[in-house]
Amino acid sequence: MAFGKVLDDKTSARIQRTVASSISRKGVDKKGTAFQMVLLTTLFITMLILVVLIFDVVQGGWEVLTTRLWGFMRGEIGSGTFPERLGVQQGLYGSFWIAVFVAVFAFPIGIGSAIYLEEYSRKNKFSRFIELNIRNLAGVPSIVYGLLGLFLFVEGIPFLTGPNSNGRSATSAGLTLAVLVLPIVIITAQEALRAVPSGLKEGSYGVGATRWETIRYQSLPYAAPGILTGTLLSMSRAIGEAAPLILVGATTGFLGSNPNILDVGSVRERFTAMPIVITEWTQKTNTVNEDVFIPSAAAAIVVLLVFVLLLNIVAIYLRHYFEKKRES
Amino acid sequence: MKPFKSKLLVRLGIVVAAIALVASACGGEDDGNDSNDTQPVATATTPTETSTDVTGSVNISGSSTVEPISVLVAELFSDVAPGVNVNVDGPGTGDGFRLFCAGDADISDASRTIRDAEKEDCEANGVNWIELRVAIDGIAVMTNSGNTAIDCVNFADLYALIGPESTSVNTWAAAAPLAAELGSNTSLPDAGLDIYGPGEESGTFDSFIELVLEDTADERGQDATTRPDYNANADDNLILQGIQSDQGSLGWVGFAFAANASDVKLLEVDGGDGCTEANADTIASGEYPISRSLYIYVNADKAAENPAIRAYVDYYMTQGLDTAVSRVGYVALTEQSKAQTRNNWNNRTIG
């Protein structure tokens, strides 16, 4: 009764509501709910863009992919006068070997540098200067790496990169893109190594392990999944690059050879790559064979997407493998 | 630990240096061997060889306009001579000549003749070239098919409508005073004017200026260019869409592209000899004034020593001129001009 006099009905109802909602936690965290909605919207926008993009290219390339997929996979770049001969085998060949070069050159060198920087180097002005530069390099436009590749690999060592093609080969392209992704590999590997709990390393030293043993048996296995993710993401980046390849001489019109994808013998010959094939075909909008090129370009985009997806599946599988190994 | 580590580093350094030395030495050898290897069988210079058993490689670079012709010829040629490795690239006429004059490309595709600076470049490197005219590319001047007030324009009209002094002229009639000053008596309609054309990066843009605007602009002390305020587009489809959607439109694109378009009227052009309709015949004969020739330049010395280049150009001179040119949308040469091109090739006419 006493309460009834102190608080009028309205106020006591409000208090009751507040208490009730506070217990059920409904309507209290308004900002939180709003934030969640904003986040959901951003995610939705991202997904929408992706879905529209995939829908668009699949629709555009549907006819090519369903009626002559095998021929398209085996075909070559050309004038479009013979639609049945047009295809992406040469592009896949170039992209595949670029990926191999990136894996062979960028990964060991990049991961090695990261291990040295994280585990061995003294933290002084000089090492900070180096790290700063690596971070800067990761932001350099890819066309600049193209110029570097042209100077170093095409004009510098044509006797190694392509004796018959003036250095304008898949080898030069692969080396150029390996240099391009090197800083990214170093940075991601460093981050992964930095995430190794210091307790793990200290424990290892505590039981008398040497630095080598600590890195070999504790740090690296722990960091392996993270390193792998980073390196394979950089691989996807390398495969999608077109600008540097133009500078190192990717062929746009016609290639005489159409080697099998695993044929190592042609890595020093003239080449092309998937992104080049796609840009070239999408630019054929004002030619008489436009109707052949535009659907083929869409189909080529689908092929490249699948190619990158396969790479990522391998990455995810390897990551799981290393994670399991780490846990056991 | 410390001294051991630095010793290791020194040893590592020595090993690296040694490897580098060996590698560079080997590299040098490689270079020599390879350049010998790549020398095609120089002894086989008899012209009797058939295409089928020829081997070797041909590197072609240059104009992206000519590229489709050379690519189609390469495609057809690969069926008759599977042993020959033809590579075609289209970075542009200027880039093509740079590679050609440096000896990197065997054949240069060109949408214009070689310039003096490029000639000097070639001569400095001892590159002798054979100039072969292979096709003609006409430029169509067009308006909306609903624009019935005008059928024929001359170069003075085009200069007054599109040239550098026409900035902010927005009706056809407003260009009339300048056209009249330049000696035109065309009656330009009093309709809105919207201009659609390719952008500066396009070869068609360059050709249009060179063929239509340059002379008048030079006489009048103006820069040889177009007015800056027109709808520039890299995609010819968008240029056509502009023309189709706009009654008072005026624009220019490559002839093959405009010829097949609907709702577009090709204007007759008077280059001084009366109004001429743009069609395959008038372009081939040179009557239609806005057309340019397309060329290939062959490195004469390389052709002499590499049977693959000879076989490819031989094929170009027959199938290329006769079928490939028109299949990719250009106008084939007249029989007389074809004969002259073949003559230049057969006699290996330098320059």
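Averaged over the residues of peptide B:61-69, the number of Cβ atoms from other protein chains lying within 10 Å of each residue's Cβ is 3.
Rounded to whole numbers, the Karplus 3J(HN,Hα) couplings from phi for region A:54-69 are 5, 4, 4, 6, 5, 5, x, x, 4, 4, 4, 5, 8, 8, 8, 4 Hz, using 6.51 cos²θ - 1.76 cosθ + 1.60 with θ = phi - 60°, and x at Gly and Pro. One Cα centroid belongs to region A:227-252, the other to region A:198-221; the line between them spans 35 Å. Working note: Karplus 6.51/-1.76/1.60 with θ = phi - 60° gives region A:150-165 the couplings 4, 6, 6, 9, 7, 8, x, 10, x, 5, 9, 7, x, x, 9, 10 Hz, where Gly and Pro are set to x. Surface exposure of the protein assembly as shown, expressed per residue as accessible area with a 1.4 Å probe, stands at 50 Å². Buried on complex formation within region B:76-102 (loss of at least 10 square angstrom of accessible surface versus the isolated chain, 1.4 Å probe, ligands and nucleic acids ignored): B:76, B:78, B:79, B:85, B:86, B:87, B:88, B:89, B:99. When you work out D = kT/(6 pi eta Rh) for chain A at 20 °C and 1.002 mPa s, using the Kirkwood radius from C-alpha pairs as Rh and the Stokes-Einstein form, the result is 91 µm²/s. On the basis of the beta-carbon distance and an R0 of 25 Å, residue A:264 and residue A:82 show a calculated FRET efficiency of 0.30.
Beta-bridge orientation, the protein assembly as shown: approximately 60 percent antiparallel, per DSSP, counting only bridges with both partners inside.
A probe of 1.4 angstrom, applied to the heavy atoms of all protein chains, finds residue B:64 with accessible area near 70 square angstrom.
The GNM of chain A, with springs linking C-alpha atoms under 10 angstrom apart, assigns the highest mean-square fluctuation among A:37, A:274, A:47 to A:37. Between B and A, buried accessible area from a 1.4 angstrom probe totals roughly 2500 Å², ignoring ligands, DNA and RNA. Taking all protein chains in place and a 1.4 Å probe, what share, in percent, of the accessible surface of region A:66-327 do carbon and sulfur account for? Summing carbon and sulfur atoms, their accessible area is 67 percent of the total for region A:66-327. Give the shape of the protein assembly as shown as rounded, prolate or oblate, defined through the alpha-carbon gyration tensor: a ≥ b ≥ c are the square roots of its eigenvalues, a/c under 1.5 means rounded, and otherwise the shape is prolate if a/b is larger than b/c and oblate if not. The shape class here is oblate. Helix-only arithmetic for chain A: the sum of -39500 (n - 2.57) across DSSP H runs with n ≥ 4, divided by the residue total, places the mean residue ellipticity at 222 nm at -22000 deg cm²/dmol.
Accessible surface of region B:138-291, 1.4 Å probe: 40 percent of it comes from carbon and sulfur atoms.
Shown here for region B:65-171: trypsin sites (Lys or Arg not before Pro) in loop regions (DSSP other than H, G, I, E, B) with at most 14 other Cβ atoms within 10 Å, namely B:115.
The values are calculated or read from the model by the stated rules, or taken from the named source; none is laboratory data. Computed from a predicted model, the values in this text were never measured in an experiment. As a convention, Cβ positions derive from the backbone with ideal geometry for all residues, glycine included, and neighbour counts pool all protein chains shown. These area figures cover heavy atoms from the full protein model, side chains too; ligands, DNA and RNA do not enter into them. Shrake-Rupley method; radii C 1.70, N 1.55, O 1.52, S 1.80 Å.
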